[in-house]
Amino acid sequence: KNSKKSILFNSQKVIYNVNKKKFVSVGETLIEKNENYFIETSDIEYNTVSNKIFSKKKSIIKDHKSNKIEVENFIISLDENSFIANNAKIIDKELNTYNIKKIYYDFNQNRILGQDASINQNNKISSQEYLPRAKGKVIIFEDSDITLKNAVFTNCKKRNGCPQWSINAEEV
C-alpha cells in the first residue's frame, strides 16, 4: 500500500524486478484506488519510476457512482491521477450501455472523456421499451451530466431502418 498515492494491490503472486524498478503481478489482481475505484484485472505491471500501472488484459473498473467500465487494456498514471483505456463499455446504475473507443478518466475532477461513443445501440440488459440512443465523436461524463459533441440522438423505439425522429447537433 502506498498511502501517498492511495493505491492498494492484491494478488496471489507479485514479482519485483530490482533493476527495472517494477512490480509484475501474475494472475488475478485487484487494485483499490482512493477507496473509490476498484479494478479487477490480471497480470499488471507497476513501474515505480514512471508511476504508471499497465495491463493488456481485459479489466473491469467500478467506481463510487455505481458505474462499471469494461476495458481491453489500460494505463493508470499515479502522477496525473488518471486512467486511460481502449474499447471501453460502461454500464451505469440505470443500465444504460456506452461503447467508447478510447476513454480518459480524470480521477482529480471525477470526469470521463471519451472518443467515438455510442449509447444503448445494442443494449440487451435494459427493460425500458423506449431506450434513448445516441452517437457522438466526443462524450463527457461530469457530475451527473453527459455531453455529446458532433452527435445524433433519438429515444424512438428501435426498429429496422431509420428512427422516426432524431436530433443532430454539435452538442447534445
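The values are calculated or read from the model by the stated rules, or taken from the named source; none is laboratory data. Small disclaimer: the values here were computed from a predicted structure and weren't measured. Cβ: placed from backbone, ideal geometry, glycine included. Neighbour counts: every protein chain shown. Heavy atoms of the whole protein, side chains included, go into the accessibility calculation; ligands, DNA and RNA do not. Shrake-Rupley method; radii C 1.70, N 1.55, O 1.52, S 1.80 Å.
Summary of values
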read-out	value
Members of region 3-36 found to be open to solvent by 70 Å² or more (accessible area, probe 1.4 Å) and touching a residue at least 40 places away in the same chain (Cβ under 8 Å), listed by number	none
Residue in region 98-117 that is more than 23 Å from residue 131 (Cα to Cα), surrounded by fewer than 19 Cβ atoms within 10 Å (Cβ to Cβ) and among the basic types (Lys, Arg) present	yes
Flag if residue 66 is closer than 20 Å to residue 32 by Cβ and either touching a Pro at 6+ places or on another chain (Cβ under 6 Å) or open to solvent by 70 Å² or more (accessible area, probe 1.4 Å) (or both)	yes
Tally, over region 37-63, of residues that are open to solvent by 30 Å² or more (accessible area, probe 1.4 Å) and assigned to a strand (DSSP E or B)	8
Out of 125, 76, sole residue that is part of a strand (DSSP E or B) and hydrophobic (A, V, I, L, M, F, W, C)	76
Test: residue in region 131-140 that is crowded, with 16+ Cβ neighbours inside 10 Å, without any contact (Cβ under 8 Å) to a residue 24 or more places away in the chain, in a strand (DSSP E or B) and of a type in the set (Lys, Arg)	yes
Region 69-95: number of residues that are of a type in the set (S, T, N, Q) and open to solvent by 20 Å² or more (accessible area, probe 1.4 Å)	4
Pair list, Cβ < 6 Å and 6+ apart or interchain, from region 69-86 residues that are farther than 12 Å from residue 52 by Cβ to residues that are among the aromatic types (Phe, Trp, Tyr)	85/74
